[in-house]
Amino acid sequence: MKLLVCIIDNVYADEVEIQLKKQGYRMTELASSGGFWRKGNTTFLFGVEEKDIEQLQEALKSACLDLEKRKQRKSKQAHRYTSFLLNVKDAAPFMTIGK
């Protein structure tokens with residue numbers, strides 16, 4: 001099991017949530033700002049099996065591109081989102097803080 005942490009520009013957040021839920025992905029959504037991209041963004045947490053990682057990453061990319069195509073606009077930034085892939089066993093120490 002892997003944990004995909006995806007920090008995405010708020011412009012794409014609603015579309016990502018809608019499309020990925022339709023595809024059966026379960027996620028946790030965290031509102032976040034500052035620091036990383038210094039503007040409004042949303043952080044999604046996905047629990048995913050290793051065999052499904054590539055499919056999830058393609059779904060994220062597709063949701064962003066679909067929004068741009070529908071609104072007929074191109075991204076003004078180099079990246080639509082940034083993601084980090086962690087082994088769940090490596091993330092476990094963070095989940096036990098405060099217990």
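All of the numbers you see were taken from the coordinates with simple rules; none came from a lab. Note that the structure is predicted; figures quoted are calculated from it, not measured. Neighbour counts run over all protein chains shown; Cβ positions are idealised from the backbone, glycine included.
Distance cut-off 20 Å, Cα to Cα: go down the list K51/K89; K2/K69; K21/K61; K2/K89; K22/K61 and report the pairs above it.
Flagged as over cut-off: K2/K69.
Calculate the spin-label point distance for V5 paired with D66, positioning each point 7 Å from the Cα along the beta-carbon direction, and give it in nanometres.
According to this spin-label approximation, the distance is 2.7 nm.
Within a Cβ distance under 9 Å of E15, other residues only, what is the Lys/Arg minus Asp/Glu net charge? Provide the component values of the computation, followed by the final result.
On the way: positive: R70; negative: D14, E17, D66.
Once positives and negatives cancel, what remains is -2.
What net charge is computed for the residues neighbouring T42, neighbours being all others with C-beta under 10 Å from the C-beta of T42, Lys and Arg scored +1, Asp and Glu -1? Can you show the working numbers first?
Details: positive: none; negative: D9, D14, E17, E29.
Around T42, the charge tally is -4.
Using the Karplus curve 6.51 cos²θ - 1.76 cosθ + 1.60 with θ = phi - 60°, work out ³J(HN,Hα) for each residue of the stretch 3-13 in order, rounded to whole Hz, and write x for Gly and Pro.
Coupling constants for the stretch 3-13: 10, 9, 9, 10, 9, 10, 4, 4, 4, 9, 4 Hz.
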